[in-house]
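Following: one structure in structure tokens, then a few remarks.
The values are calculated or read from the model by the stated rules, or taken from the named source; none is laboratory data. Computed from a prediction, not measured in an experiment: that's the story for all the values here. A quick note on method: Cβ atoms are made from the backbone with ideal geometry, for glycine too, and the neighbour counts reach across all protein chains shown. Only protein heavy atoms, including side chains, enter the accessible area calculation; ligands, DNA and RNA are left aside. Shrake-Rupley method; radii C 1.70, N 1.55, O 1.52, S 1.80 Å.
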Amino acid sequence: MTSPHFDEVQLLRAEIAAAAARLIAQDGHDYLTAKRKAARQILGESQANSNALPDNDQIEGELRLYHALFNADTQPARLFRLRTVALQVMEALERFQPYLTGAVLNGTAGPHDDIHLQLFADSAKEVEIFLLNKNVNIDISETPHFKGPRFAPVETVSFLWNKEGVHAALYELDDLRGAVKARGDGKQLRADAAGVRSLLIASTHEAI
């Protein structure tokens, strides 16, 4: 039998997760910003115990539910377009062993989402020069390393491709070994071009 306090915490987590999902879908917030803003909306100035904050998987589940309830007539087409453009970019950048990550991969992408890629090259400059030679205008920023805060952030190039925003995090070739490892729970964190093609084919069959 669970305690009343435990039940209250679980309900609070669910409420914050639903509010965060709504912020992500409607305003394009990232998960961390949405989680903090949702907690403030629900708790006011009170500081939420870390145990009361939902994890990203719970928010992702609420985001899927939100799209199913409110965006069922538009979100699948938006997701298909983003995955199609992602595949086009990945084919163009094939030499840099591109992987798709984020909302476009996991299926929760909506109108505010961009395409997020991970590229692997001898140097970031190699990718930048390649894009510039293709007359692609790029902005340069940084992204946290997928291995965690103990590793330095990686350079990221952002650009438009077929009118869609693309953010490509530039990793060293040695990082590729860690990137292809499967997560313990089996959740897919990244997909190569063949994987994205399979997702597009599957969604086409579902629509028939």
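Its residue count N sets the reference 2.2 N^0.38 Å, and the alpha-carbon radius of gyration of the stretch 87-202 equals 1.02 times that reference. When peptides 22-33, 116-127, 147-158 are sorted by average Cβ neighbour count within 10 Å, with the highest value leading, the order is 116-127, 22-33, 147-158.
Each residue was assigned an accessible area with a 1.4 Å probe, and for Asp192 the value is about 70 Å².
For a straight C-alpha distance cut-off of 20 angstrom, the lysines reachable from Lys125 (same-chain residues fewer than eight places away being disregarded) are Lys134. Dipole orientation for the chain: of the candidates Trp161, Ala68, Ala109, Ala68 has the Cα lying most toward the positive pole (charges on Cβ; Lys, Arg +1; Asp, Glu -1). Each Lys or Arg adds one and each Asp or Glu takes one away; over the other residues whose Cβ falls under 12 Å from the Cβ of Ala38, this sums to +3.
A 1.4 Å probe run over the protein chains yields, for the chain, 59 Å² of accessible area per residue, whole-number rounding. What does the charge count near Thr84 come to, summing +1 for each Lys or Arg and -1 for each Asp or Glu among other residues with Cβ under 13 Å from its Cβ? Net charge in that neighbourhood comes out at +3.
Principal axis extents of the Cα atoms in the chain, from largest to smallest and rounded to whole angstrom, are 60, 47, 31. Expressed as a whole percent, the accessible area of the chain that falls on carbon and sulfur atoms is 52 (1.4 Å probe).
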